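Written out below as structure tokens is the structure these notes cover.
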Amino acid sequence: MYKAANARLLLRSLSPNSAALASVNPGRAASSARLALSLPCGAWVGRSGLVRRAAAFSGTRPRFAGARAQIGAAVPAVEQFQRRMATQATVHAFKDILTSLPKPGGGEYGKFYSLPALNDPRIDKLPYSVRILLESAIRNCDNFQVTKNDVEKIIDWENTSPKLAEIPFKPARVLLQDFTGVPAVVDLAAMRDAMAKLGSDANKINPLVPVDLVIDHSVQVDVARSQNAVQANMELEFSRNKERFGFLKWGSSAFQNMLVVPPGSGIVHQVNLEYLGRVVFNTDGILYPDSVVGTDSHTTMIDGLGVAGWGVGGIEAEATMLGQPMSMVLPGVVGFKLTGKLRSGVTATDLVLTVTQMLRKHGVVGKFVEFYGEGMGKLSLADRATIANMSPEYGATMGFFPVDHVTLDYLKLTGRSDETVSMIEAYLRANKMFVDYNEPPTERIYSSYLELNLDEVEPSMSGPKRPHDRVPLKEMKSDWHACLDNKVGFKGFAVPKEQQDKVVKFDFHGQPAEMKHGSVVIAAITSCTNTSNPSVMLGAGLVAKKACELGLEVKPWVKTSLAPGSGVVTKYLLQSGLQEYLNQQGFHIVGYGCTTCIGNSGDLDESVSTAITENDVVAAAVLSGNRNFEGRVHPLTRANYLASPPLVVAYALAGTVDIDFEKEPIGFGKDGKEVYFRDIWPSTEEIAQVVQSSVLPDMFKGTYEAITKGNPMWNQLTVPEASLYSWDSKSTYIHEPPYFKDMTMSPPGPSTVKDAYCLLNFGDSITTDHISPAGSIHKDSPAAKYLMERGVDRKDFNSYGSRRGNDEVMARGTFANIRIVNKFLNGEVGPKTIHVPTGEKLSVFDAAMRYKSEGHATIILAGAEYGSGSSRDWAAKGPMLLGVKAVIAKSFERIHRSNLVGMGIIPLCFKAGEDADSLGLTGHERYSIDLPTNLSEIRPGQDVTVTTDNGKSFTCIVRFDTEVELAYFNHGGILPYVIRNLAAAHN
């Protein structure tokens, strides 16, 4: 079996561009092929590779089950295989379309695989986003990893996409941030150990595509409203995270092809947009489009630059790093036509909230959205990036903006060289991937269509608990009162009428203060969604300036903060003179990272916290972020509204969301006169003038020339040089994970689920914020108990995100969200559940450990959209460590479903029209899943029967969506699968 696996893997060990290289330099390619026999360059059995590749050797018809049964006898000796591989390296399936791209002044930029040279009229009608998938398939086509049939599927996208055809995709690079990057590097380090224990070469575990990791998720707003806030918060950040940062610094030297951008540099997606994004790669003389997958769902922001990118789980990203092609279903593409122009005073944030609402209503989960139309020319690149950023909020895999003149102008603005920009334009034009609005538009086919006249967009907010619940600004007051009245839910707090107007008076450091329902206690200009956009950032500065000049001032008990996504923002705010006015209103720069948007908002003043908790006040946060799920921004802000940076300043000044900006004054000026919203709101023309004079190319060049030099605190970190990590058993930050404990070369096979108990019984919209450990560690939680037992003081708990490298902490924090609603608890909210055999109420972790100690498997029941929100691998790793074997839900979020599979958990969907309630399931039953134990008898998407111990029986769809996911399941997850195959290749 493993001799065959060895041969299969070696066949796929060419690097992404080696086949392309063969057509240019056969001698070098043959050398690369020989080198590939000793290096793990893209080793991947992948997708239906178990079928097609085995069949290629045996001559049998590529049937999945049959091929697996014959693998042992199908493959010739490794020596024959090596000769065949070297021969294969010299021939590329599409060598005839490898074309030179000439430079205007002579010579060539390089060579590229020309889509026009295929002379296929279907390509001209393909969406631009699909053309990127097509080029990747053609360039990587070796008839092993990627076949001509795969290429044909993509060319015939109009017909194959509705059939959910499966294709391979090899992204050009991987993007990480530190919260998800630390566990990824932990896994890579543990995989090296596992390889060594299996007697293989540990250094086979090494990224084979560029990996960029930006440390941006660790800084918290501990200090605000201070000129010294940046330095103070960074010192606290390093004191809490020194061990994590040292581990990442070790990873940057221990692993090849990995760039780590130090803390204090910016937010990952803004740095990606302004600096890391290549748009077009030129590798070994081969030109090809930039593409990226990232371990953060908002990786989609790069789509605004014409780079295909989206979020994946950490485990998928790790596989991509190791050269594995992604298996994906060829997506439908929604064509979104933009016409007209935004009215004066309307921001990109208003636009993206409108687009999000439209697309959520249309239904775009698992699809690409591609924007086009004459309105595109009226949108700046930053505006486009704002829309692309919120793809996860509207549910799409991508929100794609093809490259045009606006893109090229932005590349020049952000310091890319003229030669680079010329090369990008020449390549994309030659390969029909560039949009020129001066040329007659070519007709493209989309799966469905939407249209928006930009002139119809109006100022908006979203909230109080979900990003797609848009509220027109003129309706905010009435909507707020409706939320107070409504029963508890996404748009309701169920505050009795007689309590809605109560005023709570408290003392704020000797100053009389008051609060009521809707009072703003956090106002944060935060998140790459908006801080990458000079128009809204300078607009916020203008609002602050006008307010200062009129004598308005933010109340001191409102926690205000400004966290830019890159140092460029600081430079243009200073250049414009507007930072001074933001400081006067309390919006001092607090750090360069995600801060409030991911829940790193820091503590509220104790007097404010006490006033909220003792009087049950529904306090509000207003932030320029992209997520406002309950419990995410701050535990004490039950109402959280997304808004543009200028609106954040306006609401901070008003001090409440219970205001009608058209009719009520924001406050009173120096002379006692009423000051209204219209008095401080800048026009689009005012903003444009400041942008023109203040945002300069040298700012980008200067910032990013210094970005990898770090800062004194980073540079002082000393790390070992060993290729294997020395695990510290006493560490509460970095811990060797148990995934590969006692691992052998033989896969365990499909796991059975018999007489499992229900650990949790959920309704709809359980997000990864509910599942994955996030935010602060509650003093009474199992994670807190674990830390205190190891001598960690409460003040040093840090956040769950900062401890993602320790599985012991993370397992205890899984399902620990204080706002989680479990049907077992009959309306009680919080991280508890019922141990069914005894009826005892326990923490979720304690109940899970009780079941494990008793030898019982567990499952989870859920409603629709299970796992929506940020792509977090711990939302799958955590349940696996708790002993969860299956999740039965009405529907799953795309990334989370694949992450569950990647950790060996079975995702099952109820049949349409059915759910736990309609089937009369209470969760007190015991569940058995009739899934075959023989892998060859399991098919993607097949029906399976679930039975309970009280005689109920119902049918579910098993959501293994591709054959490669079945292979992962057979191995107990994606990482054991990769290790076994790499070890087999070596042995």
Criterion: acidic (Asp, Glu) and more than 26 Å from Asp728 (Cα to Cα) - qualifying residue of Asp222, Asp216, Asp193
Asp222
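Being under 28 Å from Val829 (Cα atoms) and touching a strand residue (DSSP E or B) at 6+ places or on another chain (Cβ under 8 Å) narrows it down to one residue among Ala513, Ala524, Ala494; which is it?
Numbers: Ala513 fails: under 28 Å from Val829 (Cα atoms); Ala494 fails: touching a strand residue (DSSP E or B) at 6+ places or on another chain (Cβ under 8 Å).
Result: Ala524 is the single residue among Ala513, Ala524, Ala494 that is under 28 Å from Val829 (Cα atoms) and touching a strand residue (DSSP E or B) at 6+ places or on another chain (Cβ under 8 Å).
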Out of all the residues in the range 672-685, is one or more under 30 Å from Met258 (Cα atoms) and in a helix (DSSP H, G or I)?
no
With the condition kept exactly as written, say whether any residue in the range 753-765 is touching a Pro at 6+ places or on another chain (Cβ under 7 Å) and either assigned to a loop (DSSP other than H, G, I, E, B) or in the same structural domain as Lys890 (by the TED database) (or both).
no
Tally of residues being charged (D, E, K, R) and in contact (Cβ under 8 Å) with a residue 40 or more places away in the chain across the range 543-557
3
Within the range 344-375, take every residue that is part of a loop (DSSP other than H, G, I, E, B) and in contact with a strand residue (DSSP E or B) (Cβ under 6 Å, 6 or more places away or on another chain) and give me the one that is nearest to Thr414 (Cα to Cα).
Gly373
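In the range 951-976, what residues are in a loop (DSSP other than H, G, I, E, B) and among the small types (Gly, Ala, Ser)?
Hits for the range 951-976 are Gly951, Gly972, Gly973.
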Matching entry among Gly323, Gly277, Gly304, Gly311 (being under 14 Å from the mean Cα position of the chain (by Cα) and under 29 Å from Gly867 (Cα atoms)):
Gly311
Starting from the range 801-821, keep only residues that are on the phi > 0 side of the Ramachandran plot, then list their pairs with residues that are part of a loop (DSSP other than H, G, I, E, B) whose Cβ atoms are within a distance under 7 Å, requiring at least 6 positions of separation or different chains.
Phe815/Pro831
Within the range 612-621, does at least one residue satisfy the condition of being among the polar types (S, T, N, Q) and not in a helix (DSSP H, G or I)?
no
Take the residues in the range 858-893 that are part of a helix (DSSP H, G or I) and crowded, with 24+ Cβ neighbours inside 10 Å, then tell me which one is modelled with the lowest pLDDT.
Trp874
If I ask for residues that are within 14 Å of Trp714 (Cβ to Cβ), open to solvent by 10 Å² or more (accessible area, probe 1.4 Å) and not in a loop (DSSP other than H, G, I, E, B), which ones from the range 232-264 would you list?
Met234, Glu235, Phe238, Ser239, Lys242, Glu243, Gly246, Lys249, Ser252, Ser253, Leu259, Val260
List pairs: first in the range 558-581 and in the same structural domain as Thr529 (by the TED database) and over 24 Å from Asp222 (Cβ atoms), second of a type in the set (D, E, K, R) and crowded, with 24+ Cβ neighbours inside 10 Å, Cβ under 9 Å, 6+ apart or cross-chain?
Val568/Glu274
The range 472-507, subset of a type in the set (Val, Ile, Thr) and touching a residue at least 24 places away in the same chain (Cβ under 8 Å), residue nearest to Ile820 (Cα to Cα)
Val495
In the range 671-690, is there at least one residue being modelled with pLDDT under 95 and under 15 Å from Val554 (Cβ atoms)?
no
Does Phe169 satisfy the criteria of being under 30 Å from Ile267 (Cα atoms) and open to solvent by 10 Å² or more (accessible area, probe 1.4 Å)?
no
Hey, any hits in the range 933-949 for a residue that's part of a loop (DSSP other than H, G, I, E, B), open to solvent by 50 Å² or more (accessible area, probe 1.4 Å) and at pLDDT 95 or above?
yes
Between a residue in the range 605-626 that is modelled with pLDDT under 95 and any residue that is part of a loop (DSSP other than H, G, I, E, B) and among the aliphatic types (A, V, I, L, M), which pairs come within a Cβ distance under 6 Å, given they are 6 or more apart or on different chains?
Asn626/Met390
Hits in the range 928-949 (condition: more than 33 Å from the chain's Cα centre (by Cα) and farther than 15 Å from Phe969 by Cα)
Ser928, Asp930, Thr945, Thr947, Thr948, Asp949
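Filter the range 823-842 down to residues that are under 21 Å from Gly631 (Cβ atoms) and assigned to a loop (DSSP other than H, G, I, E, B) and give me whichever is farthest from the chain's Cα centre (by Cα).
Across the range 823-842, the extreme among qualifying residues is Asn826.
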Where a residue in the range 91-111 is within 10 Å of Leu287 (Cβ to Cβ) and its partner, wherever it lies, is assigned to a loop (DSSP other than H, G, I, E, B) and open to solvent by 60 Å² or more (accessible area, probe 1.4 Å), with Cβ under 6 Å and at least six apart
Tyr109/Lys103
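With in the same structural domain as Ala816 (by the TED database) and over 21 Å from Thr768 (Cα atoms) as the only criterion, which of Glu865, Glu925 stands out?
Glu925
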Filtering the range 356-370 down to residues that are open to solvent by less than 10 Å² (accessible area, probe 1.4 Å) and not polar (S, T, N, Q), which residue is farthest from Gly867 (Cα to Cα)?
Glu370
Name every residue in the range 173-193 that is open to solvent by 10 Å² or more (accessible area, probe 1.4 Å) and either within 25 Å of Asp961 (Cβ to Cβ) or over 17 Å from the mean Cα position of the chain (by Cα) (or both), in order of residue number.
Asp193
What helices (runs of 4 or more DSSP H) completely inside the range 468-573 contain at least 3 residues that are more than 30 Å from Lys701 (Cα to Cα)?
476-485, 534-550
Whichever residue in the range 437-456 is over 27 Å from the mean Cα position of the chain (by Cα) and modelled with pLDDT of 95 or more and, among such residues, is nearest to Met390 (Cα to Cα):
Leu454
Is there any pair linking a residue in the range 894-911 that is closer than 21 Å to Pro748 by Cβ to one that is aromatic (Phe, Trp, Tyr) and open to solvent by less than 10 Å² (accessible area, probe 1.4 Å), with Cβ under 7 Å and at least six apart or on different chains, and which?
Val901/Phe960; Val901/Phe969; Gly904/Phe969
Of all residues in the range 493-510 being open to solvent by less than 80 Å² (accessible area, probe 1.4 Å) and in contact with a Pro (Cβ under 9 Å, 6 or more places away or on another chain), the one that is nearest to Thr610 (Cα to Cα):
Phe506
Selection count, the range 529-565, where residues are open to solvent by 10 Å² or more (accessible area, probe 1.4 Å) and among the hydrophobic types (A, V, I, L, M, F, W, C)
5
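The values are calculated or read from the model by the stated rules, or taken from the named source; none is laboratory data. None of these values were measured; they are calculated from a predicted model. Ideal geometry is used to build each Cβ from the backbone, glycine not excepted, and the neighbour counts take in all protein chains shown. The area values use the complete protein model at the heavy-atom level, side chains included, leaving out ligands, DNA and RNA. Shrake-Rupley method; radii C 1.70, N 1.55, O 1.52, S 1.80 Å.
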